[in-house]
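Novice: I'd like to ask you about the structure that follows.
The values are calculated or read from the model by the stated rules, or taken from the named source; none is laboratory data. Quick caveat, the model's predicted, so the values are computed rather than measured. We place every Cβ from the backbone using ideal geometry, glycine too, and count neighbours over all the protein chains shown. The protein model used for the area step is the full one, side chains on, heavy atoms only, and it has no ligands, DNA or RNA in it. Shrake-Rupley method; radii C 1.70, N 1.55, O 1.52, S 1.80 Å.
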Amino acid sequence: PQVCQPPLHALLAVPPVELREADLRLVWISHIHADHHAGLPSVLAARQQVLGEGCPPMVVVGPRPLQYFMRRWAQMQPLQYRFVDARETAEGGMQARAGRFIGNAAHAGRGVVDMALSAMRPPDPANKEAVDAAAAALGLEELQSVEVVHCAHSFALKVRHAAGWSLVYSGDTRPCKRLSDAARDATVLIHEATFDDGMLEEATAKKHSMTKEAVQIGEDAGVYRTILTHFSQRYPKIPVIEEISAPRVGIAFDLMSVNFADLPELPHLLPALQVMFADENLAAEAETDETTLFSAEP
Ligand SMILES: [Zn+2]
Ligand SMILES: [Zn+2]
């Protein structure tokens, strides 16, 4: 049997809430579906409570629709934040995209070009300064949003730390080349695995990934550890992946925290987690018809 060092409870430690929120320097949101951003106002409010007067604005990098949500929320509850459109942190930034868009629109006439220009106003230079400062405080040499295939304005995140490690988070997406390229040789790839293997039709229709696709992307990209997350509510805890030989794969669940120093041990947790959640998975299977009623588009 495999012996885990350090013990399970240490690997899965969750820091105290107050500490976590006071230490936050930057929040990055992948896309506008509620399961990815609805908790943001309460996190910002809790942080303001911990830090009190003079709480500096939190840098929030996210999809453009999030800005509307935040503005409306801030009318009800004062929130200290600076919103940065994720496109401003994409490769080439907003300007490269604006250039392509205007180039295409040029064929359609002057009015369309004017519209394109006004829709793509140059970003506030203070946004880049705020992101750079937060990244530097976190020891990050790179922070890049990567467009992925889900709803409009959906992104993955790539960060590279000065110590040498890198982390890529898929957000919600179908497998796509931009994400695979970003994940090349990453230390950790956190990839969504919404659907079980064999559910290609559902995965394609809802623009999500299947477990085996997520595992394969990590393998092909030479990733050191792939951590699967965002499991369908059909299996509320962990996916069924016995059939897959996945020696480099770990599984995430809500509030799980992983120390990078413990990454070598991560795959060894898989059998233990499958035993821990075996009963709940069986119960979920029995209730499949009822639970699908509640699986709103995630
Ligand atoms: Zn989701
Ligand atoms: Zn989604």
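Novice: Excluding ligands, DNA and RNA, what is the solvent-accessible area per residue of segment 155-219 at a probe of 1.4 Å, expressed in Å²? Walk me through the numbers on the way to the answer.
Specialist: Details: 2650 Å² over 65 residues.
For segment 155-219, the per-residue accessible area is 41 Å².
Novice: Starting from the 7 Å offset along Cα-to-Cβ, what nm value, one decimal, do you get for the label separation of LEU200 and ASP220?
Specialist: With each label point 7 Å from Cα toward Cβ, the separation is 1.3 nm.
Novice: Could I have the simple spin-label model distance between GLU141 and ASP23, label points 7 Å from Cα toward Cβ, reported in nm to one decimal?
Specialist: 2.3
Novice: Could you sort the peptides 85-92, 209-216 by per-residue average Cβ neighbour count (10 Å cutoff), highest mean leading?
Specialist: 209-216, 85-92
Novice: For the ranges 156-168, 186-198, 63-75, what's the packing order if you count other beta-carbon atoms within 10 Å of each residue, average per peptide, and put the highest first?
Specialist: Final packing ranking: 186-198, 156-168, 63-75.
Novice: If you don't mind, another one. In sequence order, what are the phi-derived ³J(HN,Hα) couplings for segment 138-149 according to the Karplus relation 6.51 cos²θ - 1.76 cosθ + 1.60 with θ = phi - 60°, rounded to whole Hz, with x for glycine and proline?
Specialist: Once rounded to whole Hz, the list reads 8, x, 8, 8, 8, 9, 9, 8, 10, 5, 10, 9.
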